[in-house]
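*Asks:* This is the structure I have questions about; it appears just below.
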Amino acid sequence: MEQLHLFNGDDPAPIVNAEPVSPALPVHPVLPAPPVLFIRHPRARRYLIRVRTDGSVRVTIPRRGSKRAAIDFFERQQEWIARQQERVARARQAIPVDIPEEQQRTYRARARRELPARLLELASAVGLQVRKVSIRNQRQRWGSCSTSGLICLNWRLITMPAWVRDYVIYHELMHLKRMDHSPAFWKLVAQVCPGYRDARRWLRRHALAPHSPEAHADAAATLS
């Protein structure tokens, strides 16, 4: 999922107060107009555009921002959006067929057995307590953490290399300390997962098919 900030920095991305709008005409004539969501987020500090793996677009509006300014930002970034949509479209065509249903059931069962146990193990190692762990079929996230201490993990994490999976778990655990993506948050992540940047790069490259042989070969090459 590609993203573009109005300013530098990272921004949390839960979907709240989603308001669908009609998108402006795309710059590239070959691509159809994608779904666009304008989302106001109380913790956002900047306008943010994300192009998801299905080509849809999400524009985050900061707490003190305006819908008009968000639309203007969206319209000014049409060329960038079109380039990212072309990129993810090519990536979708290149990936292998999704995991067969029977194999998915096997993976989901394994995820329910292994992921909560691993999360609790890592939480104990860093001195944190988790109220509840849930394994879900999230389409746009690898994990999430609520202010009440509920951590949700995507069952597809079980198809990833262990060191990438651990990064996602550490990422959500650190949200128990900071519910944002500020420099202070990333400093916490770096303390418990020094190789998190490699894991983030791997996730960006292989988000569409983390189970593929190519993805795992890339992971092995990263560690070698």
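The values are calculated or read from the model by the stated rules, or taken from the named source; none is laboratory data. For clarity, every value in this text was computed on a predicted model and none was experimentally measured. In this analysis, Cβ positions are derived from the backbone assuming ideal geometry, glycine residues included, and neighbour counts consider all displayed protein chains.
*Asks:* So which pairs qualify, if the first residue must be in the stretch 154-176 and within 13 Å of A199 (Cβ to Cβ), the second must be assigned to a helix (DSSP H, G or I) and of a type in the set (G, A, S), the Cβ gap must be under 7 Å, and the two must be at least 6 apart or on different chains?
*Replies:* L157/A111; P161/A219; W163/A199; V164/A199; V164/A219; Y167/A199
*Asks:* Also: Please indicate, with yes or no, whether at least one residue in the stretch 126-134 is surrounded by fewer than 18 Cβ atoms within 10 Å (Cβ to Cβ) and either modelled with pLDDT under 90 or assigned to a helix (DSSP H, G or I) (or both).
*Replies:* No: zero hits.
*Asks:* Check whether at least one residue in the stretch 112-126 is in the same structural domain as V192 (by TED's automatic domain parsing) and of a type in the set (S, T, N, Q), and report yes or no.
*Replies:* yes
*Asks:* Does the stretch 192-206 hold any residues that are surrounded by 18 or more Cβ atoms within 10 Å (Cβ to Cβ), within 21 Å of L119 (Cα to Cα) and without any contact (Cβ under 8 Å) to a residue 60 or more places away in the chain, and which are they?
*Replies:* C193, Y196, A199, W202 - these are the residues of the stretch 192-206 that are surrounded by 18 or more Cβ atoms within 10 Å (Cβ to Cβ), within 21 Å of L119 (Cα to Cα) and without any contact (Cβ under 8 Å) to a residue 60 or more places away in the chain.
*Asks:* Quick test for you: out of A215, A209, A162, A221, pick the one residue that is farther than 19 Å from L115 by Cβ, more than 15 Å from the chain's Cα centre (by Cα) and either modelled with pLDDT under 90 or surrounded by fewer than 18 Cβ atoms within 10 Å (Cβ to Cβ) (or both).
*Replies:* Going through A215, A209, A162, A221 in turn, just one is farther than 19 Å from L115 by Cβ, more than 15 Å from the chain's Cα centre (by Cα) and either modelled with pLDDT under 90 or surrounded by fewer than 18 Cβ atoms within 10 Å (Cβ to Cβ) (or both): A221.
*Asks:* Out of the residues in the stretch 139-151 that are of a type outside the set (K, R) and under 13 Å from the mean Cα position of the chain (by Cα), which is modelled with the lowest pLDDT?
*Replies:* Filtering the stretch 139-151 for residues that are of a type outside the set (K, R) and under 13 Å from the mean Cα position of the chain (by Cα), the one modelled with the lowest pLDDT comes out as Q140.
*Asks:* Within the group P116, P62, which residue is over 21 Å from R200 (Cβ atoms), surrounded by 13 or more Cβ atoms within 10 Å (Cβ to Cβ) and at pLDDT 95 or above?
*Replies:* P116
*Asks:* Would you say V189 is crowded, with 20+ Cβ neighbours inside 10 Å, over 28 Å from Q103 (Cβ atoms), modelled with pLDDT of 90 or more and not charged (D, E, K, R)?
*Replies:* yes
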